[in-house]
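Trainee: My structure is below; once you've seen it, I'll send some questions.
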Amino acid sequence: MLGQGSIRVYRALITQGFQVLSAYRVSLFLYALFSFIRPIIFLAAWVAVAESQGGRLGAFSKADIGGYFVITILVTHLSAAWDFFEFEFEIRRGSLSPKLLRPLHPINYAIVQNVLWKLITSLAVVPVAIAIAITFEARFATTPGHVALGAVSAVLGASIAFVFGWVFASVAFWTTRVHAVVTLYQRAAFIFAGQIAPLTLLPGPLFAVAMALPFAYMLGVPTEILRGGVDLGTGALMVVGQVVWLAVGIALYRVVWAAGLRQYSAVGA
Amino acid sequence: MPDVVIDVRGLTKVYRVHERQEGLGATLRSVLRRTFKEVPAVTDATFRIDAGEVVGFLGPNGAGKTTTLKMLSGLLYPTAGEARVVGHVPWRREGDFLRAITLLMGNRTQLVWDIAAADSLRVLQEIYGIPEERYRATLGELTELLDLGPLLHKPVRNLSLGERMKVEFAAGLIHSPRVAFLDEPTLGLDVSMQSRIRRFVAEHNRRAGTTILLTSHYMDDVVALCKRVIVIHRGRLLYDGELGELAQRMAPYKVITVALRDGAGSAFLDDLGTVVSREEARVTLRVPREHTAERTARIVRELEGDLVDISVEDPPIEEVIDRVFQGAV
């Protein structure tokens, strides 16, 4: 539970976060707009494939594909995590040390920055997603129950992505070349999260692998629940899976962070 | 008896560094088999600092000063040894410890670049849980001492180096730490700003009783602020004591400066010591410490009528330190 002191700290960090983000307002919205490009390309490609096969792709109609990728745009936006890039830079530039010297865990700054960025750029993302939905005549089988469960699932998905982002960011304690490790992580996420196509369209073995890794629980699971692609019972089980992955991520993060601090050589700090 | 706020025993830090020879062959071999060497940065450092002391921590580049400060501020884990700062083991980084210390580095910023310093200070107020009244009082005092008024509401990126250092000090001291580690706080500043920062540190120490461990390559900083110095070289402590006694302990000679009428009798001085400089009628020579009295008496006696002035001093502190670092002692 957040105490009075924590609320005041977070209020101050949010104020500061707004001030920093407002200094970069143009680039902020440009980054958000770039995030549409990939889902729109896949959406157009899969719709073209479906048209060549009589208007269907497995269990998905063209409208279902539209619905999937519109939700993907929103969930991808919500689950965006970039700390693995920022953290390495902070260590190299020496700006991590001042944060470590304060009685506040550095992850708190990142939480505020992450949430603020998503809230502000949603102003650009939501209208574009609606326009895409209309253009591609997207279909959703979403019930109020799906919305409620999907909202929880989306927050859990974003939290898993954030925590695993910090696990991989912490690799920077050992090497100043985190990019290689992060690239591997991002490629795996690209294949197994549901960015390319709905996970149910993956070949059986790949689908099994996807469901055994955390990536599907960041993006594919909330997307399927929010578009009404699964019944509520199945959705609830998927949410339980998310809770498990979040717990694993937090445990892993604590271990890696504690070991990383011991390793930290305060490069240039 | 004053409180011991920094207690260091056998503190040692060894870095493990990847080592590679030059050339393609060595590069290829290092891909398959990496070799490391151990580089001792600090070896068996032991010292204590009492509450309210201002101690100069001196050493050439790479001597181990910053590594020591980073261990004492909890940023680095030592390889061996113990340390207590305000009763805490620094590298456990407990909240009470972090609230009691600050580390200011002359070449690093802790302020957010794009916003006004006043906004960053407000965040620090909440992080350190400083009550509003105390925050205003401390900020008022820092503003008065550092003349911060016009600087607090400008984005940090628009401040000059000297101005930024002043607001860095404010950010580092806003929570009234009991211990301040200052690492090259006047680095890159002009002479006037160096002097202002020195006056501020001295005044802050006097008013708040903050214990200060200061590193600086500018001896003026050390002379102005520190009664006591700790000298470190190649990771080992060479001296820990009064600044005034450093020359006595580390320099085995004194400097005699003689002013002569028309330069007469100058050649006689060559036999009494090592002539360091000879400028018209003024000769400066080094004399072994134990012979100083006898040689001074001889100069006075022999040059009687030609002697205009004579002074006997310890060598300048810069020269003493330089001798220590050059391994001449």
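The values are calculated or read from the model by the stated rules, or taken from the named source; none is laboratory data. Please read these numbers as outputs of a predicted model, since none were measured by experiment. Please note: Cβ atoms are built from the backbone with ideal geometry, for glycine as well, and neighbour counts cover all protein chains shown.
Trainee: Taking the residues in the stretch A:81-94 that are surrounded by fewer than 19 Cβ atoms within 10 Å (Cβ to Cβ) and either in a loop (DSSP other than H, G, I, E, B) or among the small types (Gly, Ala, Ser) (or both) as candidates, determine which candidate is nearest to the other protein chains (Cβ to nearest Cβ).
Mentor: A:GLY94
Trainee: More than 20 Å from A:ILE40 (Cα to Cα), in contact (Cβ under 8 Å) with a residue 12 or more places away in the chain and of a type in the set (Ser, Thr, Tyr) - does that describe any residue in the stretch A:198-211?
Mentor: The answer is no; no qualifying residue exists.
Trainee: List every residue pair whose Cβ atoms lie under 7 Å apart, where the two residues are 6 or more positions apart in sequence or sit on different chains, the first residue falls within the stretch A:90-102 and is under 22 Å from B:ARG99 (Cα atoms), and the second residue, located anywhere, is aromatic (Phe, Trp, Tyr).
Mentor: A:LYS99/A:TYR109
Trainee: Looking at the structure I just gave you, is B:GLY149 touching a helix residue (DSSP H, G or I) at 6+ places or on another chain (Cβ under 8 Å), surrounded by 15 or more Cβ atoms within 10 Å (Cβ to Cβ), over 22 Å from B:THR211 (Cα atoms) and more than 14 Å from chain A (Cβ to nearest Cβ)? Walk me through how you get there before you give the answer.
Mentor: Working: touching a helix residue (DSSP H, G or I) at 6+ places or on another chain (Cβ under 8 Å): yes; surrounded by 15 or more Cβ atoms within 10 Å (Cβ to Cβ): no; over 22 Å from B:THR211 (Cα atoms): yes; more than 14 Å from chain A (Cβ to nearest Cβ): yes.
In short, no.
Trainee: Say whether the condition of being in contact with a Phe, Trp or Tyr (Cβ under 9 Å, 6 or more places away or on another chain) and over 23 Å from B:MET219 (Cβ atoms) is met by at least one residue in the stretch B:247-270. First the steps, then the outcome.
Mentor: We begin by selecting, within the stretch B:247-270, every residue in contact with a Phe, Trp or Tyr (Cβ under 9 Å, 6 or more places away or on another chain); these are B:249-250.
Now narrow it down to the ones that are over 23 Å from B:MET219 (Cβ atoms): none.
So far as the stretch B:247-270 goes, no, none of its residues is in contact with a Phe, Trp or Tyr (Cβ under 9 Å, 6 or more places away or on another chain) and over 23 Å from B:MET219 (Cβ atoms).
Trainee: Kindly establish whether A:ALA172 is surrounded by 15 or more Cβ atoms within 10 Å (Cβ to Cβ), more than 20 Å from the chain's Cα centre (by Cα) and in contact (Cβ under 8 Å) with a residue 40 or more places away in the chain. Let's see the steps before the verdict.
Mentor: On the way: surrounded by 15 or more Cβ atoms within 10 Å (Cβ to Cβ): yes; more than 20 Å from the chain's Cα centre (by Cα): yes; in contact (Cβ under 8 Å) with a residue 40 or more places away in the chain: yes.
Criteria met by A:ALA172.
Trainee: Within the stretch A:238-258, how many residues are small (Gly, Ala, Ser), surrounded by 13 or more Cβ atoms within 10 Å (Cβ to Cβ) and closer than 21 Å to A:PHE84 by Cβ?
Mentor: Residues in the stretch A:238-258 being small (Gly, Ala, Ser), surrounded by 13 or more Cβ atoms within 10 Å (Cβ to Cβ) and closer than 21 Å to A:PHE84 by Cβ: 1 in total.
Trainee: Cβ-Cβ distance below 9 Å, separation of 6 or more or different chains: which pairs start in the stretch A:228-241 with a residue that is at negative phi and end on one that is of a type in the set (Asp, Glu)?
Mentor: A:GLY229/A:ASP64; A:VAL230/A:GLU224; A:THR234/A:GLU224; A:GLY235/A:GLU224; A:MET238/A:GLU224
Trainee: Determine whether the stretch B:185-195 contains at least one residue that is in contact with a Lys or Arg (Cβ under 6 Å, 6 or more places away or on another chain), buried (at least 16 other Cβ atoms within 10 Å of the Cβ) and in the same structural domain as B:GLU132 (by TED's automatic domain parsing).
Mentor: no
Trainee: Mind telling me which of the residues B:ALA137, B:ALA83, B:ALA118 ends up being in the same structural domain as B:ALA171 (by TED's automatic domain parsing) and either assigned to a strand (DSSP E or B) or over 18 Å from B:GLY172 (Cα atoms) (or both)?
Mentor: When all the criteria are applied, what remains is B:ALA83.
Trainee: Give the residues of the stretch B:92-115 that are touching a residue at least 12 places away in the same chain (Cβ under 8 Å) and more than 8 Å from chain A (Cβ to nearest Cβ), sorted by residue number.
Mentor: B:ARG92, B:PHE97, B:ALA100, B:LEU104, B:GLY106, B:ASN107, B:LEU111, B:TRP113
Trainee: Here's another thing I want to ask about it. Given the conditions (1) outside any loop (DSSP other than H, G, I, E, B); (2) surrounded by fewer than 24 Cβ atoms within 10 Å (Cβ to Cβ); (3) in contact with a Leu (Cβ under 8 Å, 6 or more places away or on another chain), which single one is not true for A:GLN195?
Mentor: All conditions are met except number (1).
Trainee: Of all residues being modelled with pLDDT under 90 and β-branched (Val, Ile, Thr) in the stretch B:164-200, which is farthest from B:LEU104 (Cα to Cα)? Just the residue, please.
Mentor: Top of the filtered list is B:VAL191.
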